[in-house]
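Peer 1: Structure provided below as structure tokens; questions to follow.
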Amino acid sequence: MLGGDLTERSLRLHLEGLSGVDAVGLEQRAAGLGTRSIKTTSKAWALDKIIELIDLTTLEGADTPGKVRSLVAKALTPDPSDLTAPRVAAVCVYGDMVPDAIAALGAAHGDPANGNGRSGLVSVAAVATAFPSGRASLRVKLADTADAVANGADEIDMVIDRGAFLSGRYGEVFEQIVAVKEACRRDDGSYASLKVILETGELNTYDNVRRASWLSILAGGDFIKTSTGKVAPAATLPVTLLMLEVVRDWYRLTGERVGVKPAGGIRTSKDAIKYLVTVAETVGEQWLQPHLFRFGASSLLNDVLLQRQKLTTGRYSGPDYVTID
Amino acid sequence: MNDIVPASGSFLEYAPAPESTSILHLKKSYGLFIDGAWVAGHGKPFASISPATEKHIAEIATANAKDVDTAVVAARRAYDRTWSKLSGADRGKYLFRIARLVQERARELAVAESLDNGKPIKESRDVDVPLVAAWFFYYAGWADKLDHVGLGANPRALGVAAQIIPWNFPLLMLAWKIAPALAAGNTVVLKPAETTSLTALLFAEIVQQAELPNGVVNLVTGAGETGAALVRHPDVNKVAFTGSTAVGREIAKAVAGTGKKVTLELGGKAANIVFDDAPIDQAVEGIVNGIFFNQGHVCCAGSRLLVQESIHDEVVDRLKARLATLRLGDPLDKNTDIGAINSREQLERIRELSDIGEAEGAERWTAPCVIPENGFWFAPTIFDNVSTSSRIAREEIFGPVLSVLTFRTPAEAIAKANNTPYGLSAGIWSDKGSKILAVADKLRAGVIWANTFNRFDPASPFGGYKESGYGREGGRQGLAAYLKAAGSASSSAKAPTSVRSSSRKPTQVRTLATGAGK
């Protein structure tokens, strides 16, 4: 890809040689995609699809085993009043909560791509590498990752070192991702899936987002993810569109499919549907499956359930008709 | 590796999302709007049809020379007795009122426009109608500030303006013409294009709602003969025309020596120049927007893509993948990207020129889309390997057809871009600001967009070089086209208001509006 040996210099030349991003044009395109109109049957399909792509998330300092059990119960039975509602793709927790999540999932723990709808399996994702800041030594980050994998996490959501990236030490960021990927290796030789969080709110420019996306994919990330949810702005439609364009270009070059996960700030069905449209019109609908697209969200699920109830019953209910976490 | 073909067989396709036409309350037949009232036309009425379905919409009156004279007389009377006596602030109030009414009736106007013209509702709703309101708001603000137009203190209105507009942006072109004319203190007689009279007639209702004094705005419908009679009317002080270069030339001849002021906004064959350091994904969007916006029925459309040879293949591949996602169909469907061609006549012209392109050896590629059975449609088409001598690279096609040419150096890009009898617009795509400025400096075009295309704003003057016409519309410059300095001689066209025109041969200019491309 970079023409021969990978060096800091060749990496820099490649990233800096990427075509620029025109902010006005990108945002205009994203806004255009946001005006697509979805009706009735497509909407019902879209709402269920959104649920099946959600990483239901709790990432609080105050998380407890009880809170995680409650989250898992919601993941398995999103709407107790309508058992046709599908299950979410995964629950996303801190590394030390992984055993609680796995225990609560029981037999329903597994790859969400196997089985679907009500019989869908739910995987466990853990944030690692000194999430959310990433400010720790590589040794600590690797130990953090290995610990979560040893606890049984199926997916690792790592953060890149934004400090290193912004000061132009692309090689360092690259090496760290490679090392974390290696730490995702299980005893049986398989790997936990690696999502690389760019924290686009701190990268600030679209050019940086494009470079960081390429860098993360080159280093072996299975997914590129917008944000931790702890920094504003988190996921936006233009940023997600841009990342999807990188994924599309990578696929054209290599035939490899990389996933995208917008996280944080997507709270309504209406917004989430705009993301589905953007995926469909940028990389194609084959990306709308749990191995290639996820929403990192918590409050989004309840809005989708309210819209779902409206479609089934013809009436709007209220927040008391969906369960909290 | 290019099997990414998004959106075909998509969940977006599960249900059409047509905008309801129930909001429209159209009359079966429309007369002429003269002196604040609806009157019958004395010519043979004609039908307006929807280009997407070929279904009848309404019957429209034809104004003959006598009707045109009645309208000009009404406009002259309104100018002499009321409009010229109002203060700028009061004229501004009327214009603000019109702008607000356009906003209130925005959805209705958008639906009518898409029905009658064939353009997607997405564009009439998000581009045309909002810009119409913006144009009236902008010029409403100017009405009491004419001292700052640049003609010195107390500039004077010209009198009666004859305005003839094309079918590609019917209501928007009406706003471009009427808003500055009224702000400057003129009264107007406007003729919409034959195939798209509907929104102008709805605008007449807005004029009534706004209680504009009678005769300030008059609308005469009809074909080329009506336009010819209007241009040649001796009591007209100003002629403003948007349309094809051929008709523009006839108008220039007709008014030569009469003392009438003229602005002409004619055809174009714009170059959209993409350098190898361009933001590629946005450039592809810009190319699409440049030529496929409004089915390419845009005078300033970027119909010649000049792409640097080193990135030609990449750009064309991405362009084709993107075009495969465009949705052609019912203009009233909110998800439609490409609507119907405005008329059978225009469709024939696009077909003819495309066949010529193919015969001349250019490589034709057509986006894969299903063409509806009825109506006038043309799928987005690219011609690759086009040479500068090819007819499709020289003549205005006025349809969704893009010619791709390549260049090697900025100097070659500039030379090829300027090698056209037209000079309306151009686009430059590069991430390098200094290059954009250096190239823009050497392009002979009235409007140059950098890293965007087909963006319009009432504050920005618009108009062409060479065969694209003269005069500017929009901004301060657009206002100056309807004013004269305080000390200048009064217009020689100020003839007696008698019915002199009825004794004149009504037509030597034959096709003023049909097929008149802006």
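Bear in mind that the values in this text are calculations on the coordinates, not laboratory data. Since we're looking at a predicted model, the values are computed, not measured. Cβ atoms come from the backbone with ideal geometry, glycine included; neighbour counts cover every protein chain shown.
Peer 1: For chain A, set up a Gaussian network in which alpha carbons nearer than 10 Å are linked by springs, and say which option among A:192, A:146, A:113 fluctuates the most.
Peer 2: The residue with the greatest mean-square fluctuation here is A:113.
Peer 1: Quick check on the exposure proxy: order A:184, B:300, A:92, B:369 from fewest to most C-beta atoms within 10 angstrom.
Peer 2: So the ranking, lowest neighbour count to highest, is B:369, A:184, B:300, A:92.
Peer 1: Let me ask another. Which of A:63, B:355, B:128 comes first, and how do the rest follow, when ranked by fewest Cβ neighbours within 10 Å?
Peer 2: Lowest to highest Cβ neighbour count: B:355, A:63, B:128.
Peer 1: Taking the Cα centre of segment A:211-325 as origin and charging only Cβ (+1 Lys, Arg; -1 Asp, Glu), how large is the dipole, in debye to the nearest 20?
Peer 2: That gives a dipole near 140 debye.
Peer 1: Any idea what the relative contact order of segment B:366-425 is, in percent, if you count C-alpha pairs under 8 Å spaced at least 6 apart?
Peer 2: This gives 27 percent for segment B:366-425.
Peer 1: With a sphere of radius 10 Å drawn around the Cβ of residue A:210, what net charge do the other residues whose Cβ falls strictly inside it have (Lys, Arg +1; Asp, Glu -1)?
Peer 2: -3
Peer 1: If the viscosity is 0.890 mPa s and the temperature 25 °C, what translational diffusion coefficient in µm²/s does Stokes-Einstein give for segment B:281-422 when Rh comes from Kirkwood over Cα pairs?
Peer 2: In µm²/s, the coefficient rounds to 159.
Peer 1: Show me the trypsin sites (Lys or Arg not before Pro) within segment B:89-156 that DSSP assigns to loop and that have at most 15 other Cβ atoms within 10 Å of their Cβ. It would help to have the intermediate numbers written out before the result.
Peer 2: On the way: sites: B:91, B:93, B:97, B:100, B:105, B:107, B:122, B:125, B:145, B:156; in loops: B:105, B:145.
Sparse-neighbourhood loop trypsin sites (Lys or Arg not before Pro): B:145.
Peer 1: Restricting attention to segment A:201-299, which GluC sites (Glu not before Pro) occupy a DSSP loop and are surrounded by at most 16 other Cβ atoms within 10 Å?
Peer 2: Those that pass, being in a loop and sparsely packed, are A:256.
Peer 1: Roughly what angle does helix A:237-254 make with the longest principal axis of chain A, taking Cα atoms, 0 to 90 degrees, to the nearest 10?
Peer 2: Once rounded, the angle reads 60 degrees.
Peer 1: Based on alpha-carbon centroids, what's the gap between segment B:77-150 and segment A:240-263 in Å, whole number please?
Peer 2: 45 Å
Peer 1: Could you give the angle, 0 to 90 degrees to the nearest 10, between helix B:170-184's Cα long axis and the longest principal axis of the Cα atoms of chain B?
Peer 2: So the inclination is approximately 40 degrees.
Peer 1: In whole angstrom, and with the biggest value first, how far do the Cα coordinates of segment B:178-222 range along each principal axis?
Peer 2: 29, 20, 14
Peer 1: OK, next. For residue A:157, list long-range residues whose amide hydrogen, built 1.01 Å from N in the peptide plane, is under 5 Å from its own amide hydrogen.
Peer 2: Hits under the 5 Å cutoff: A:126, A:127, A:128, A:195.
Peer 1: Sticking with this one: Once the Cα gyration tensor of segment A:235-325 is found, what semi-axes does its equivalent ellipsoid get, as square roots of 5 times the eigenvalues, in whole Å, sorted largest first?
Peer 2: Taking √(5λ) for each eigenvalue gives 30, 12, 10 Å, largest first.
Peer 1: What area, in nm² and to one decimal, does the C-alpha convex hull of chain B cast on average over all directions?
Peer 2: On the way: hull surface 93.2 nm².
Result: a mean projected hull area of 23.3 nm².
Peer 1: Which residues' amide hydrogens lie under 5 Å from the amide hydrogen of residue A:225, considering only partners 5 or more residues apart or on another chain, with H built in the peptide plane?
Peer 2: A:196, A:197, A:198, A:261
Peer 1: Using the Cα gyration tensor of segment B:261-352, with a ≥ b ≥ c the square roots of its eigenvalues, what is the shape: rounded (a/c below 1.5), prolate (a/b larger than b/c) or oblate (neither)? Walk me through the numbers on the way to the answer.
Peer 2: Details: a/c = 2.10, a/b = 1.26, b/c = 1.66.
In terms of gyration-tensor shape, oblate.
Peer 1: Where a ≥ b ≥ c are the square roots of the eigenvalues of the C-alpha gyration tensor, would you call segment B:143-252 rounded, which needs a/c under 1.5, or, failing that, prolate if a/b is larger than b/c, or oblate?
Peer 2: It is oblate, given that a/c is not under 1.5 and a/b is not larger than b/c.
Peer 1: Please find, in a Gaussian network model of chain A (springs between Cα atoms separated by less than 10 Å), the residue of A:30, A:125, A:164 whose mean-square fluctuation is greatest.
Peer 2: A:164
Peer 1: Residue-wise, which Karplus ³J(HN,Hα) couplings in Hz belong to segment B:147-161, taking 6.51 cos²θ - 1.76 cosθ + 1.60, θ = phi - 60°, and x for glycine or proline?
Peer 2: Whole-Hz 3J(HN,Hα) from phi for segment B:147-161: 4, 9, 5, x, 10, x, 6, 6, x, 10, 5, 8, x, 9, 9.
Peer 1: Given just the C-alpha atoms of segment A:1-156, how large is their convex hull per residue in cubic angstrom?
Peer 2: Per residue, the Cα convex hull of segment A:1-156 comes to 200 Å³.
Peer 1: Please label the shape of the protein assembly as shown as rounded, prolate or oblate, based on the square roots a ≥ b ≥ c of the eigenvalues of the alpha-carbon gyration tensor (a/c under 1.5 means rounded; beyond that, a/b larger than b/c means prolate, else oblate). Kindly include the intermediate steps, with their values, before the conclusion.
Peer 2: On the way: a/c = 2.45, a/b = 1.96, b/c = 1.25.
Verdict is prolate for the protein assembly as shown.
Peer 1: Taking the Cα centre of chain B as origin and charging only Cβ (+1 Lys, Arg; -1 Asp, Glu), how large is the dipole, in debye to the nearest 20?
Peer 2: Here the size comes out at about 2520 debye.
Peer 1: Enter the angle in degrees (range 0 to 90, nearest 10) between the Cα long axis of helix A:65-76 and the first principal axis of the Cα atoms of chain A, meaning the one along which they spread out most.
Peer 2: 70 degrees
Peer 1: Let me ask something else. Contact order normalised by length for chain B, with contacts defined as Cα pairs under 8 Å and 6 or more residues apart; what percent is it? Write down the numbers at each step before the final one.
Peer 2: Working: 1221 pairs, mean separation 107.6, N = 518.
Value for chain B: 21 percent.
Peer 1: Of all DSSP beta bridges in the protein assembly as shown, what percent run antiparallel (nearest 5)?
Peer 2: Of all bridge pairs located within the protein assembly as shown, approximately 20 percent are antiparallel.
Peer 1: OK, next. Considering every residue in A:28-35, what mean count of other chain Cβ atoms within 10 Å of its Cβ is obtained?
Peer 2: Numbers: counts 6, 7, 0, 1, 5, 0, 0, 5.
Average neighbour count from other chains, rounded to a whole number: 3.
Peer 1: Determine the calculated [θ] at 222 nm for chain B from helices alone, applying -39500 (n - 2.57) to every DSSP H run no shorter than 4 residues and normalising by the residue count; nearest 500 deg cm²/dmol.
Peer 2: The helix-only estimate for chain B comes to -10500 deg cm²/dmol at 222 nm.
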